[in-house]
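Working notes, beginning with the structure itself.
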Amino acid sequence: MKNSKIILIAAAGITAGLLFSSCSVSIPKKANAVKPFKENRYLGTWYEIARLPMKFEKNLNNVTATYTAYSDGTLKVENRGYNYKKNEWSEAIGKAKFIGPRDEARLKVSFFGPFYGGYNVIAISDDYQEALVAGDNLKYLWILSRSTSISQSTKDKFLAEAKRIGYDTDNLIWVEHTKDR
């Protein structure tokens with residue numbers, strides 16, 4: 001009986017810790033979120049140009065992310081990619097919420113219930129055509145564009161910023177865009 005109570009208390013503590021940590025999102029130490037950020041200009045479809053490896057996007061190319069505003073102030077996040085090993089499209093629908101003021105590009109994104117990850121736009125072109133996005137830590141980084149490619153000067157600028165923050169840009173996966181959505 002005593003052991004059951006201890007196990008139950010430990011399980012409750014672990015669950016509470018996971019839930020608490022899932023609600024706490026951050027930004028890499030040397031990174032700063034874009035401010036002022038224009039949410040309406042960010043909405044729409046983005047092509048993933050490059051990313052650091054992650055299990056959720058394993059074997060995916062032709063990856064896009066589409067952001068749509070909901071009336072309650074959250075954003076719908078629709079990620080789509082083609083799994084070239086399985087020869088099929090894969091899709092995940094999630095939601096995003098601003099962490100602070102809406103004119104600062106710090107959001108938290110969830111695809112799995114109450115579990116959130118940081119989504120921080122740390123660089124964006126003046127015309128909102130290219131963006132550099134950081135996760136909570138140095139394991140998550142994306143280069144996005146409104147088209148399937150970016151200029152060499154934008155690539156160089158984003159890579160330099162990522163390296164300054166501490167990202168290992170040699171590990172980036174450069175995403176192919178060969179199929180229609």
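Structure values in brief
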read-out: Electrostatic dipole magnitude of segment 2-174 [Cβ: Lys, Arg +1; Asp, Glu -1; Cα centre; debye, to 20]; value: 580 debye
read-out: Gyration tensor verdict on segment 86-165 (Cα atoms; rounded if a/c is under 1.5, prolate if a/b is larger than b/c, oblate otherwise); value: oblate
read-out: Extension gain from Glu39 to Gln152, taking 0.36 nm per residue of separation minus the Cα-Cα distance; value: 38.1 nm
read-out: Label of the coordinate-derived value, semi-axes √(5λ) of the Cα gyration tensor in Å, listed as (i) 30, 20, 17; (ii) 44, 17, 16; (iii) 27, 20, 15; value: (i)
read-out: Choice from Lys95, Lys108, Lys157 showing the highest fluctuation, given a GNM over the chain with Cα pairs closer than 10 Å; value: Lys157
read-out: Segment Ser71-Lys58, length gained on full extension (0.36 nm per residue, minus Cα span); value: 1.4 nm
read-out: Gaussian network model of the chain, springs between alpha carbon atoms under 10 Å - residue of Ser151, Ser90, Ser110 with greatest fluctuation; value: Ser151
read-out: Nearest-ten-degree value, helix 2-23 long axis tilted from longest Cα axis of the chain; value: 20 degrees
read-out: Cα-projected label distance for Ala160 with Ser26, points at 7 Å along beta-carbon direction, nm; value: 2.8 nm
read-out: Cα lying deepest toward the dipole's positive end in the chain, options Ile173, Ile124, Ile99, charges on Cβ; value: Ile99
read-out: Violating pairs (Cα-Cα greater than 20 angstrom) within the set Lys38/Lys179; Lys108/Lys179; Lys35/Lys97; Lys108/Lys157; value: Lys38/Lys179; Lys108/Lys179; Lys108/Lys157
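Quick note: the coordinates plus some simple rules give every number you see, no bench work behind them. Keep in mind it's a predicted model, so treat the numbers as computed, not measured. FYI the Cβ positions are ideal-geometry reconstructions off the backbone, even for glycines, and counts take in every protein chain you see.
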